[in-house]
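Below is one structure; the comments refer to it alone.
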Amino acid sequence: MTRRLTAVAGAALMTLLAVAALWPSAPPPARAQTAPDVRLRETAAATPMSVGLASASGRLTLRLSSARLDEDSLALPDGADLTLLAQPTYVALPGAGSNLLRISPAITITVRDAGGRDIALSPAARLTFSQPKAEAAAIYRLNGDAWRAVQAATLGRSLVVQPVSPGTYALFAELSRDWPLQHEILTAVALNAARLVADDLATQP
Amino acid sequence: MPRIPDRFAGAAIGLSAAAGVLAAYLLTLAPGVVWSGAGVDSGDLAAAVAVGGVPHPTGYPTVMLLGLAVRAIPLGDLALRLNVLTALAAAGSLLPLGLLAARLRPRSGTAMPAPEVASAAAVLTLYGLAPLVWSSAIVTEVYAFASLFLWSSLYAAERALAASQAGKDEWRWVATAGVLLGLGTGAHMTVTLGAPALAAVLLAGGRRQRTKWRLAAPAAAGVVAGCAVYIYLPIAAALDPPINWGVPSTPDRFWSVVSGEIYHSRLGGTDVGATAAKAAWLLGEPVRQLTWVSLPLLAAGAVSLIRVHRRAALATGWIAISALAFGTIYNSRDDEVLILPALTVAAVWSVVGLDEVARLAAPGGARVHRLVAAVVPTLLIASVVIRGTDVAPEISLRDATHAAAFAHAVLVQAESGSVLLTEDDRATFPLWYARYTPGGRTDVTVLDLRLWQFAWYRQLLGRHAGIPTETSPATLLAAGKWPAGRPLWAVDIDVGAARSADVLANLRPMSPP
C-alpha cells in the first residue's frame, strides 16, 4: 500500500469515527430485562389460566396499586399529578370472540381512603393503555362476568378512558389466528400496557 | 532519554495501566449486589454462585467456576468478593492488551522510550476508565472475564506467530490460544466471534498449507479443552440447585441455555431507520468512551497495522466490526456493553498509533522528537486525570446499597412461609441473593411471575418450595385452593424504588377477592 493511500485511509477512518462520535442522540434504551417477559411458544402450550398473575377476576393485580393509590393520594398536594404504573407482563388469555384476545392483565381500580371508605375518582382521572400497536385494540371493562367495550379516546399511540370509574379494565385486540407468532406486537403491547393517571384524585373524599 | 527494553515494554505498559485502574475500581467498587447500570444481573450471578447453580443464559460457566473458587474464601460478603474478582479480571485484562499492543507497534523489536511507555499506559488507563468498561468492572458481571480471556488468547496467537517466524516450536502457544478462547466463550458467548480473528492470526497467509493444518489441530484441541467448562452446566443442573435457569441437564435444555434461546427474539426487530441510527451511535462510542484524544491515535494505529501487521489488522478489525454489528442488532437493557470488544480494539490501535506517530515524527529531528515526547504523554495523562475525576462520581457504586437494603426490608417484613411475587429483575435478583446466602429466610419463596411461564421454573418451584404449580397462584387464590400457611405477597419496586428509600420494600398482601 502506498504512503498516500494509507494516509487517505487513515483520514477517512478518522472522519468516519468523528462524524459518528458527534451523532446527535443516543438510541432509547431497550426495555428488555434479563428475565424474559413473554415467551409465546411455551405460553401457547400452557393451559390458559396458568399464564401469569392475571386471572379472570383480575382484582389481585390492582388491589395492590389501589392500596398505594390511597396512601399517595392522601399525601398529594393540591393539583399534583399522580402516575401509577402497573407493569403487566402477561399476554393473551383468550377472551370473547374467535380472534379477540386479552393482551394485558386485568386492571381493577378501587380507591379507598385510610378508613377503607370508597373515594370517588375525580373527573380528571383517566386510565391509559399505552402503545396499543395491535390493530383494533380496545379497552374492555368487566361487567359481571362479561367483558364489554368502553368508549376510549385515541391519543397518539395510547387509548384513554376518561372519566374512569372504579372497576376492572383490560386491553383486548383482534389478532389473527396465528397470534402466537405475533411476538413483537404482543410484547410491545404487554410491556407498555397499563397506566392510570389520576389528577386531583382526592378532591372528592 | 531512558528506554525500556522491548521484551519488558508490553508488561510495563499493561501492569502500570492495570495498577492505576485497579485502584480506581476498588475505590468505586459496589459493596454487594446492585440495581444500577450494568450491574443488575449481579444478584442473579451471585445467587447462582451461592447455591452452585445456573445463572441466566448462557450460563457463564467460566465465571461460575471462578466464583465458586472465590466462594471458598471465607472472607466477607460473597457478593463483595465476587465484585473484587470482577475488578481484578477487568484490571488484569489490561496486561494482555499491553503485551499485544507492544508487539504490534511498527517499531517492535526496538527499545521503547519511557515517555512512549507512559503514553501507552495512559491510553490503556483511559480505556479502563471509559464509562462502559469502568461500570462493568466494579460489580459482578461477565464482560471483564470475556475480555481477559479473549485478549489473552489473541496475545498467545501472536506469540505463536512470532515463534513460527523465528523457526521455533509454536504449538504450545497455539494450544494456549485455543484454551483461552474456549474459556472466554464460557465467560460470554460473544467471545466466539473471536474465533475468526484467532484463525486470521494463526492461519491466514504466509505459511505453507501443510503448516496451517498442523496448527489447526492444537488450536482446535485447545478450544475444545477450554470449552470443557461447559460441563459445569449439566452437572450443576443435575444437582437441582434452587437457581437453575433452564435446568440444562438434558441435551435440548443444555442447547437452549447455551444458545440463549429465550433471548433470540431480541435480535433485530426494529425498523431500518432506528437500526441505522443505533449503528451510527455505537460507531461513535469508541471515540466518546476513550475521549477525543484517542481519535488520531487509533486512526494512526489502524493505518500502521494495515501497513505492518495486516493479519492483526484483519483480526482486530473483525472483532470491532462484529461487536458493533452484534450490539446494533441485539436489543436489551444493556446492549451497549456488547460493543466493549470494539472499545478494546480502539485502545490497542491507539497504543500502536502512538508508536506510529513517534515513527512519523522521527525524521523531523531531535527537536520535533522531544516535542512529541513531551506533549503526547502530558496530554494523555491529563486526559486520564480529567476523565477519571469527571466520570467517577457518576460511575461509583460505593454507596449502592439500595438493592441489598430493599431485599433485607422485604425479607424482614415477610410473614413466615411467605411466597413473594416479583416481576422485575431489580426485585427478583437481590431477593434471590438475600434468600439463598447463609442466614437467609429459608421459609420464604421468591416467585418471579415472568419465569412462571416456563415449565422448568414451575417444576423447580414445585420441588423446592412445595407450592402447587398446576396453575397460577392468582387463580388458585381466587379459587380458594392456595395452601394456607403460604401467604402471597406482591413485591412492588418500580415506582417506590425510584422515589425514596422509605418505600423501597412495598409488600402488597394478596388476598382472595
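The share of alpha-carbon pairs in segment B:22-104 lying farther apart than 23 Å comes to 26%. Judged by the gyration tensor of its Cα atoms, with axes a ≥ b ≥ c, segment B:1-48 is prolate; a/c meets the 1.5 cut and a/b is the larger of a/b and b/c. For B:Val446, the amide hydrogen comes within under 5 Å of the amide hydrogens of B:Leu420, counting only partners 5 or more places away or on other chains and with H modelled in the peptide plane. Helix B:194-203 axis versus longest C-alpha principal axis of chain B: approximately 30°, rounded to the nearest ten. Within 10 Å of the Cβ of each residue in B:331-341, the mean number of Cβ atoms contributed by other protein chains is 3. Compute the acute angle (0 to 90°) between the alpha-carbon long axis of helix B:209-227 and the principal axis of greatest extent of the alpha-carbon atoms of chain B; round to the nearest 10°. Roughly 30 degrees between the two axes.
Between the amide H of B:Met112 and those of B:Ile4, B:Asp6, distances stay under 5 Å, these residues lying 5 or more places away or on another chain, with hydrogens modeled in the peptide plane.
How large is the direction-averaged shadow of the alpha-carbon convex hull of chain B, in nm²?
That works out to 26.0 nm².
Along chain B, the exposed loop sites are GluC sites (Glu not before Pro) outside DSSP states H, G, I, E and B with at most 15 other Cβ atoms within 10 Å, and the longest stretch free of them is B:1-414. Ranked for footprinting exposure by Cβ neighbours inside 10 Å, fewest first, B:Asp334, B:Asp240, B:Asp271 give B:Asp271, B:Asp240, B:Asp334. Here the alpha carbons of segment B:85-171 define both size measures, Rg and Dmax, at 14.7, 44 Å. Only Lys, Arg, Asp and Glu carry charge here, each on its Cβ (+1 for the first two, -1 for the last two); on that basis chain B has a dipole of about 2000 debye about its Cα centre.
Here segment B:311-344 and segment B:84-133 have alpha carbon centers that stand 19 Å from each other. Going by neighbour counts of Cβ atoms within 10 Å, the residues B:Trp151, B:Trp171 line up, fewest first, as B:Trp171, B:Trp151. Relative to the longest principal axis of the Cα atoms of chain B, helix B:272-290 runs at roughly 60 degrees. Going from the fewest other Cβ atoms within 10 Å to the most, the residues B:Tyr127, B:Tyr263, B:Tyr25 appear in the order B:Tyr263, B:Tyr25, B:Tyr127.
Laboratory data are not the source of any read-out in this text; all were calculated from the coordinates shown. Quick caveat: nothing in here was measured; it's all calculated off a predicted structure. We place every Cβ from the backbone using ideal geometry, glycine too, and count neighbours over all the protein chains shown.
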